[in-house]
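Peer 1: The following block contains the structure, expressed as structure tokens.
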Amino acid sequence: MMKWRTKITDLHAYVPGKTIDEVKKQYRLDSIVKLASNENPFGYSPKVDEALKNFQPAFTRYPDGHALQLRQKMAAHLGVDPTELIFTNGTDELIQIVSRSLLEPGKNTVMAAPTFSQYKHNAIIEGAEVREVPLKDGRHDLEAMLGQIDENTAVVWICSPNNPTGTYTTEQELTAFLDRVPEDVLVFIDEAYSEYVVAKDYEQALTLFRRYHHLIVSRTFSKIYGLAGLRVGYGIADRTIIQKLEPVRPPFNTNVLGQLAAQAALEDQAFIQSCRDKNRQGLEHFYAFCRRNSLAFYPSQANFILIDFQCDSEEVCRFLLGRGYIVRSGEALGMPGTVRVTIGSEEQNRGVLGAIGAFLESRK
């Protein structure tokens, strides 16, 4: 037998939502709507197509490992120095890089439960102790998380808005927390859905990383920018943190097309505002439906909603699959009895809510 690391023997590969083609074939359906992976139903900016159309293929050459042009545009957009940025193959790779850089046997890491699965997954691979703190009313219990930090804690993870609940950490809560976290503990704030937030007391951690030098903020072009297939994520932190992480980053981790598309997408903030507005309208329709049907849910600042059906999550998902809607079972997300639904277009929302209504009627 090969000498596999003992820490990976009980791990399971990430299971993405079913593909559209897979469901079409299984259920013999002509039309499928995927509302399981929190992708942007409105696509991406037309500026991306323009940029790619004018691209002169140079696929025999490696991409710019430093992502210089994207780095300069992003730095100008965010008002940061280019040395305060790191670019990665989606947020997943940044999580992996941070874990590889800081976690090892004898160290521990603190996170909420449930939250984005890759924090725990990568910590286990690196052999660190995982300390999970249950959510409180669907939100991070920061006080309890502080209680789990000790001299061996290397990383604390905060997902805001949190996946899968869509809840967020307020500015006051976040600063009070950061004030008390030891400066030798890295605080990783995952803001994959930050562009969807409309709450007035939400403070984007971008404004805090110079005040708190033990903070790194992650973002992505996979969500509101609609470029999930091109895999571009990035981190923002004090340059001393970036300098430590850069040697761990694979040298050509973001591809040519991803860098080009991200630059074009960044230029169209009117498109981002439109997506944010449409998403909020869609969420309000879900809220109204849930209230009419006495379904508990978490108010969301992201582009999805977690609904508590108080029954087998898989049963709900199978019913909706049969009607052409792919949603995410809460069973796989650590929230049995719930279902996470991505907010779609107005037509998609109307359709899936009709299918949910049919499910509720079938159980009467």
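The values are calculated or read from the model by the stated rules, or taken from the named source; none is laboratory data. Just so it is clear, the structure is predicted and the values come from calculations on it, not from any experiment. Positions of Cβ are backbone-derived with ideal geometry, glycine not excepted, and every protein chain shown enters the neighbour counts. Side chains included, ligands, DNA and RNA excluded: accessible areas come from the protein's heavy atoms. Shrake-Rupley method; radii C 1.70, N 1.55, O 1.52, S 1.80 Å.
Peer 1: Okay, which of segment 119-146 sit inside 19 Å, backbone N to the point 7 Å along the Cα-Cβ direction of residue 180?
Peer 2: The answer is 131-146, whose backbone nitrogens lie closer than 19 Å to the label point.
Peer 1: Accessible area per residue, 1.4 Å probe, Å², for the chain: what's the number?
Peer 2: Working: 17310 Å² over 364 residues.
Roughly 48 Å² per residue, with all protein chains present.
Peer 1: Further question on the same structure: Under 5 Å between amide H atoms, partner at least 5 residues away or on a different chain: which partners does residue 113 have, H built in plane at 1.01 Å?
Peer 2: 133, 135
Peer 1: Still on this structure, I have one more. Can you compute the helix-only [θ] at 222 nm over the chain? Use -39500 (n - 2.57) per DSSP H run of at least 4 residues, normalise by all residues, nearest 500 deg cm²/dmol.
Peer 2: Details: 12 runs with 134 residues, N = 364.
About -11000 deg cm²/dmol.
Peer 1: Let me see the pair-distance distribution of segment 83-217: every alpha carbon pair, 10 Å bin width, integer percents in order.
Peer 2: Bin by bin from 0 Å, the calculated values are 12, 47, 36, 4, 0.
Peer 1: Here's a follow-up. Rg(Cα) of the chain divided by 2.2 N^0.38 Å? Could you put the intermediate results ahead of the total?
Peer 2: Values: Rg = 20.7 Å, N = 364, 2.2 N^0.38 = 20.7 Å.
Normalised Rg, Cα atoms only: 1.00.
Peer 1: What does the net charge come to around residue 262 if you take all other residues with beta carbon closer than 12 Å to its beta carbon, with K and R at +1 and D and E at -1? Write down the numbers at each step before the final one.
Peer 2: Values: positive: 47, 71, 73, 219, 231; negative: 267, 268.
Net of charged neighbours comes to +3.
Peer 1: Springs between alpha-carbon atoms under 10 Å, Gaussian network over the chain: tell me which of 160, 194, 117 tops the mean-square fluctuations.
Peer 2: Maximum among the listed residues: 117.
Peer 1: Continuing with the same structure: Let's see if you can work this out: charge +1 on each Lys and Arg Cβ, -1 on each Asp and Glu Cβ, no other charges. What is the dipole magnitude of segment 109-157 about its Cα centre, in debye to the nearest 20? Kindly include the intermediate steps, with their values, before the conclusion.
Peer 2: Numbers: 4 positive and 8 negative charges, 41 e Å.
Around 200 debye, computed over segment 109-157.
Peer 1: While we're here: Pull up the DSSP beta bridges for segment 44-266 and report the antiparallel fraction as a percent, rounded to 5. Walk me through the numbers on the way to the answer.
Peer 2: Details: 10 of 28 bridges.
The antiparallel fraction comes to roughly 35 percent.
Peer 1: Gap in Å between the Cα centre of segment 114-137 and the Cα centre of segment 322-346?
Peer 2: 22
Peer 1: List, in order, the whole-Hz ³J(HN,Hα) value for each residue of segment 168-174 obtained from phi through the Karplus relation with A = 6.51, B = -1.76, C = 1.60 and θ = phi - 60°; use x for Gly and Pro.
Peer 2: Residue by residue, segment 168-174 yields 9, 9, 6, 4, 4, 5, 5 Hz.
Peer 1: Taking R0 as 30 Å, what's the FRET efficiency between residue 141 and residue 69 from their Cβ-Cβ distance, rounded to 0.05? Kindly include the intermediate steps, with their values, before the conclusion.
Peer 2: Values: r = 42 Å, r/R0 = 1.39.
For R0 = 30 Å, the calculated efficiency reads 0.10.
Peer 1: Determine the distance separating the Cα centre of segment 6-81 from the Cα centre of segment 86-109; give it in Å without decimals.
Peer 2: Using only Cα atoms to place each centre, the spacing works out to 20 Å.
Peer 1: So for segment 208-364, what percent of the C-alpha to C-alpha distances run longer than 23 Å? Write out the running numbers ahead of the final one.
Peer 2: Working: 6483 of 12246 pairs.
Every Cα pair in segment 208-364 considered, those over 23 Å come to 53 percent.
Peer 1: Which of the lysines could a cross-linker bridge to residue 3, judged by Cα under 26 Å and excluding same-chain residues fewer than eight apart?
Peer 2: Here the lysines satisfying the reach criterion relative to residue 3 are 107, 120.
Peer 1: Moving on to the next point. If each of residue 1 and residue 150 carries a label point 7 Å out from its Cα toward its Cβ, how far apart are those two points in nm?
Peer 2: Rounded to a tenth, the inter-label distance reads 3.1 nm.
Peer 1: To the nearest Å, what is the center-to-center distance of segment 219-260 and segment 184-206, using C-alpha atoms only?
Peer 2: First find each Cα centre; the distance between them is then 17 Å.
Peer 1: When the chain is fully extended, how far beyond the present Cα-Cα distance does residue 58 get from residue 270, taking 0.36 nm per residue of separation? Don't jump to the answer; show the numbers that get you there.
Peer 2: Working: separation 212, 0.36 × 212 = 76.32 nm, distance 3.07 nm.
Gain on extension, residue 58 to residue 270, equals 73.3 nm.
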